[in-house]
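So the structure is just underneath, and the comments pick up after that.
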Amino acid sequence: MRSANLPNESESILTSGAARPRLTFIGVGPLGGTYAACYAELGYEVLGYDVDAGRIEKFAAGEMPFYERGLDTLVRKNVDNGRLRFTADPAEVAAFGDVHFLCVGTPSRPNSDSADLSYMESAVTTLAPLLKRRCIVVGKSTVPVGTAAWVQQLIDKLSDTDVQVEVAWSPEFLQEANAVDDVLRPNRVVLAAQSDWASELLQAAHKGVFELAAMEDREVPLVITDFATAELVKVASNAFLSTKISFINAMADLCDVAGGDVTDLARAMGYDARIGHRFLRAGIGFGGGCLPKDLRALAARGRELGVGESLRFLSEIEDINLSRRTKVVRLAAELTGRENGPNGPELSGVNITVLGATFKPDTDDIRDSPALDIARRMRSEGATVTIYDPMGLDNARARYPELRYAHNLSEAVEGAELLCLLTEWEEFRHLDPAALGELVAQPRILDGRNALDPQLWKNAGWTYRGMGR
Ligand code: UDX
């Protein structure tokens, strides 16, 4: 680990004549959009590019095409001061940038666990022939190990031979709902480049992060490494976080049969600094646009490279995660006095209210949301399911129009025979069990995130069921 020891103003390494490298972010979704605004905030001149013209139009007008806490203010401010611009013209991107960050999506391929690199391929294929001066193209997207070398080959094939374009890599570790802070104040910066010149330019492109840290009297660890390691850090980290969550969820099952309380167990375990408290919250498991797909893509890449056996445990991690969802449906049947017969749980005609649609609180993202998957499973067992979420209803409705949604909490819970708290929004953590008891048909609650105080709810006359407590 090295702390910041970065080059001074990098005029010598820039062909644009600018004092600081000019940065472009290719793909301005939740990743590139956040980076673009934050790096403008750090003082860089930034150009954002996307093939989605609607996204570019919104950003250019200082509006948000998606929700991320605190991002709107940064976008408006930096669009207004002129440091942050957006374009749908790749030639403008090529002419502007000293450092081009690839921030396109890498979803799972249809019917496969492997990552789909077609957006990356199309971004590189569009940009490479347009590059007319020396620059670096930096991968930020989450990719299978080996991608950086492939991108360099593509660029070598497609760009002018007299223009030196070098690939570099620097993974990101953004958490939705905390992404602005994760970019401005990262817990580490990982850089990989193949020449001294590219390495110096890459460091100059991250210098603002280290300057802010120095101003705030913080250290940002810097890891300089090779391509393969830089590519692996992200997926390995996400797989490790998934493993922690599935581990504690397996312990929750054990607590259920042994009569323990998994929240106390996790608290007691976490005081060991080698274990730590974070990502040990048992519940209905992990979802979102990253953890599930990265776990599957890492396992798939391991198989391709002949080490599938060593990574076999990753499929167990996923199985444990998905088994949470069937467990909740089973518990719902148990709590409402229904059958859990040989054909699975039976919920016909039961009124169930699901609180939460997003994959976690403080976002409107419903990608791979455990809450919505459980709602759909309960519905297919015959339950009448009504969903309420403070921020995710529009996205949920667009994706699953067949489900029933309520406009507000009181409408959602009216007449419910079972409440299932499946996303731990602050609004749900502070529900008043006594007041709520007046609205529901039966005071029963399944706390899928262990977010409530069981005693409080029991005292108010509710049947309370948590996950492993
Ligand atoms: C994750 C990684 O944390 C981040 O570093 C990476 O860059 C992208 O993927 P994100 O998808 O925003 O970030 O969500 P995260 O906060 O990690 O939560 C993922 C899922 O795990 C959520 O569904 C959350 O509810 C669940 N979770 C998290 C648990 O079930 N228990 C925990 O203890 C923590």
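The values are calculated or read from the model by the stated rules, or taken from the named source; none is laboratory data. Here the structure is a predicted model, which is why all the values come from computation and not from measurement. FYI the Cβ positions are ideal-geometry reconstructions off the backbone, even for glycines, and counts take in every protein chain you see.
A few points about this structure:
- Residue check for Gly289: without any contact (Cβ under 8 Å) to a residue 60 or more places away in the chain and either at negative phi or among the small types (Gly, Ala, Ser) (or both): no
- Residue within the stretch 372-385 that is free of Cβ contacts under 8 Å to residues at least 24 places away in the same chain and surrounded by fewer than 21 Cβ atoms within 10 Å (Cβ to Cβ) present: yes
- In the stretch 452-463, the count of residues that are in a loop (DSSP other than H, G, I, E, B), in contact (Cβ under 8 Å) with a residue 40 or more places away in the chain and of a type outside the set (Phe, Trp, Tyr) is zero.
- Condition check for Leu331: modelled with pLDDT of 95 or more, buried (at least 19 other Cβ atoms within 10 Å of the Cβ) and in a helix (DSSP H, G or I): yes
- Among the residues of the stretch 437-469, the ones that are of a type in the set (D, E, K, R) and within 16 Å of the ligand (Cβ to nearest atom) come to 3 in all.
- Selected residue (only one of Arg281, Arg218 is part of a loop (DSSP other than H, G, I, E, B) and assigned by TED's automatic domain parsing to the domain that holds Gly146): Arg218
- Boolean, Arg296 is outside any loop (DSSP other than H, G, I, E, B), touching a residue at least 24 places away in the same chain (Cβ under 8 Å) and of a type in the set (D, E, K, R): yes
- Some residue of the stretch 330-345 being within 16 Å of the ligand (Cβ to nearest atom) and in the same structural domain as Thr423 (by TED's automatic domain parsing): no
- Filter result for Asp373 (within 27 Å of Ile245 (Cα to Cα), away from the ligand (no atom under 16 Å from the Cβ) and of a type in the set (Asp, Glu)): no
- Residue list for the stretch 168-181, restricted to those being within 16 Å of the ligand (Cβ to nearest atom) and touching a helix residue (DSSP H, G or I) at 6+ places or on another chain (Cβ under 8 Å): Trp169, Ser170, Pro171, Glu172, Phe173, Leu174, Gln175, Glu176, Ala179, Val180
For every residue, the table says whether it meets (1) near the ligand (Cβ under 8 Å from one of its atoms); (2) over 22 Å from Asp362 (Cβ atoms); (3) surrounded by fewer than 22 Cβ atoms within 10 Å (Cβ to Cβ).
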{"residue": "Leu232", "(1), (2), (3)": "no, yes, yes"}
{"residue": "Phe240", "(1), (2), (3)": "no, yes, yes"}
{"residue": "Lys244", "(1), (2), (3)": "yes, no, yes"}
{"residue": "Ala258", "(1), (2), (3)": "no, yes, yes"}
{"residue": "Met269", "(1), (2), (3)": "no, yes, yes"}
{"residue": "Leu280", "(1), (2), (3)": "yes, no, yes"}
{"residue": "Gly283", "(1), (2), (3)": "yes, no, no"}
{"residue": "Asp294", "(1), (2), (3)": "yes, no, no"}
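- Apart from one condition, Leu130 fits all of (1) in contact (Cβ under 8 Å) with a residue 40 or more places away in the chain; (2) under 30 Å from Gly287 (Cα atoms); the exception is (2).
- Scan of the stretch 155-203 for residues that are β-branched (Val, Ile, Thr) and closer than 25 Å to Ala214 by Cβ, ordered by number: Val180, Val183, Val189, Val190
- Residue identified as within 14 Å of the ligand (Cβ to nearest atom) and either of a type in the set (A, V, I, L, M, F, W, C) or assigned by TED's automatic domain parsing to the domain that holds Leu117 (or both) among Val151, Val165, Val190: Val190
- Residue in the stretch 411-423 that is without any contact (Cβ under 8 Å) to a residue 60 or more places away in the chain, more than 17 Å from Ala451 (Cβ to Cβ) and in contact with a Gly (Cβ under 9 Å, 6 or more places away or on another chain) present: no
- When Ser16 is tested against the conditions (1) modelled with pLDDT under 95; (2) in a helix (DSSP H, G or I), the lone failure is (2).
- Per this entry, Ala228 is counted among residues that are out of contact with any Lys or Arg (no Cβ under 6 Å at 6 or more places or on another chain) and away from the ligand (no atom under 11 Å from the Cβ).
- Filtered residue count, the stretch 376-407, keeping only those that are within 16 Å of the ligand (Cβ to nearest atom) and assigned to a loop (DSSP other than H, G, I, E, B): 4
- Some residue of the stretch 316-328 being over 27 Å from the mean Cα position of the chain (by Cα), charged (D, E, K, R) and either surrounded by fewer than 18 Cβ atoms within 10 Å (Cβ to Cβ) or not in a loop (DSSP other than H, G, I, E, B) (or both): no
- Against the list (1) in contact with an Asp or Glu (Cβ under 6 Å, 6 or more places away or on another chain); (2) farther than 22 Å from Gly287 by Cβ, the condition Ala179 fails is (2).
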